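As structure tokens, the structure follows; a few thoughts come after it.
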Amino acid sequence: MQPLLVAGSPGSPYTRKLVAALRFKRVPYRLVLVNPDRPRLPQPKVRLLPTVYFDDGQGGVEPAVDTTPILRRLEREWPGRPVTPADPVVAFIDALVEDFADEWLTKAMFHYRWARGEDIRKAARVLPNWFDAPLDDATLATAGDSFTARQIDRLSYVGSNDVTAATIERSFERLTGWLVKTPLVHQSPSLATASMKSSVARTELLAFWKKMEPYASPSREES
């Protein structure tokens, strides 16, 4: 069986969510970085991360985006080691938690990356290196400035501003304080746990983790 081709970026929580599920399900896959590889591949109707290229049955590949329907399809095609709870009630709750992580926690991720100087400087140094080959210092500085300006301009679109900042941070602190003490809804890995862990791990903030260190699990950073 040919490995499933996935185009994505380590900085994308949705890429990490998909890869976590693939690894648990033991689905063979090959991850390629977006910039050098995706232009040579068939383009999806909407350019989102990650893009999965399924066999189209005619010797080619068919691009698909949006991790939730992608993973529902993988559950049908690779039923072993399911990431959907068998109990329909638990499965419904799991789907709600997955949607919360996908839609709300990305606000926290974006806010903590781009709302404070210390975190902005870290994101500007790290994230541009995750789309292509590592950059030299001069190129990274230029790319980091451009990437930072573009991302900060997008803060308003994800709902992070001076009015909402306190709500986003209190919500995230309550969640992470609960997560270090309480398991999620299912005993084994599920779509909810994959989505939650990926979104939390990709906040990459400095100031928040310094404050949370006394409470955080030693394994909070995924290798």
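The values are calculated or read from the model by the stated rules, or taken from the named source; none is laboratory data. As the structure is a prediction and not an experimental result, all values here were calculated from the model. Because the Cβ atoms are built from the backbone with ideal geometry, glycine has one as well, and the counts that use them run over all protein chains shown.
Pull up the stretch 47-97, narrow it to residues that are assigned to a strand (DSSP E or B) and free of Cβ contacts under 8 Å to residues at least 40 places away in the same chain, then point me to the one that is farthest from Val34 (Cα to Cα).
Glu62
In the stretch 33-46, how many residues are free of Cβ contacts under 8 Å to residues at least 60 places away in the same chain and surrounded by 17 or more Cβ atoms within 10 Å (Cβ to Cβ)?
Of the residues in that region, 2 qualify.
Can you confirm whether the stretch 94-102 contains a residue that is at pLDDT 90 or above and loosely packed, with under 15 Cβ neighbours inside 10 Å?
yes
Residues checked against (1) outside any helix (DSSP H, G or I); (2) over 17 Å from the mean Cα position of the chain (by Cα); (3) under 30 Å from Pro85 (Cβ atoms):
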site: Arg113; (1), (2), (3): no, no, no
site: Asp119; (1), (2), (3): no, yes, no
site: Leu140; (1), (2), (3): no, yes, no
site: Asp162; (1), (2), (3): yes, yes, no
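Do you know which residues across the stretch 116-135 are surrounded by 20 or more Cβ atoms within 10 Å (Cβ to Cβ) and small (Gly, Ala, Ser)?
Ala123, Ala124
Test Arg38 against the criterion of being closer than 26 Å to Leu127 by Cβ, basic (Lys, Arg), outside the structural domain of Leu191 (by TED's automatic domain parsing) and at pLDDT 90 or above, and give yes or no.
no
Within the stretch 156-180, take every residue that is modelled with pLDDT under 90 and among the aliphatic types (A, V, I, L, M) and give me the one that is surrounded by the fewest Cβ atoms within 10 Å (Cβ to Cβ).
Filtering the stretch 156-180 for residues that are modelled with pLDDT under 90 and among the aliphatic types (A, V, I, L, M), the one surrounded by the fewest Cβ atoms within 10 Å (Cβ to Cβ) comes out as Val180.
Do any residues in the stretch 1-12 that are at positive phi have Cβ atoms under 7 Å from those of residues that are surrounded by fewer than 18 Cβ atoms within 10 Å (Cβ to Cβ) and part of a strand (DSSP E or B), where the two are at least six apart or on different chains, and which pairs are they?
Partner pairs satisfying both residue conditions: none exist.
Take the residues in the stretch 99-156 that are touching a residue at least 60 places away in the same chain (Cβ under 8 Å) and β-branched (Val, Ile, Thr), then tell me which one is farthest from Pro69 (Cα to Cα).
So the residue we want is Val126.
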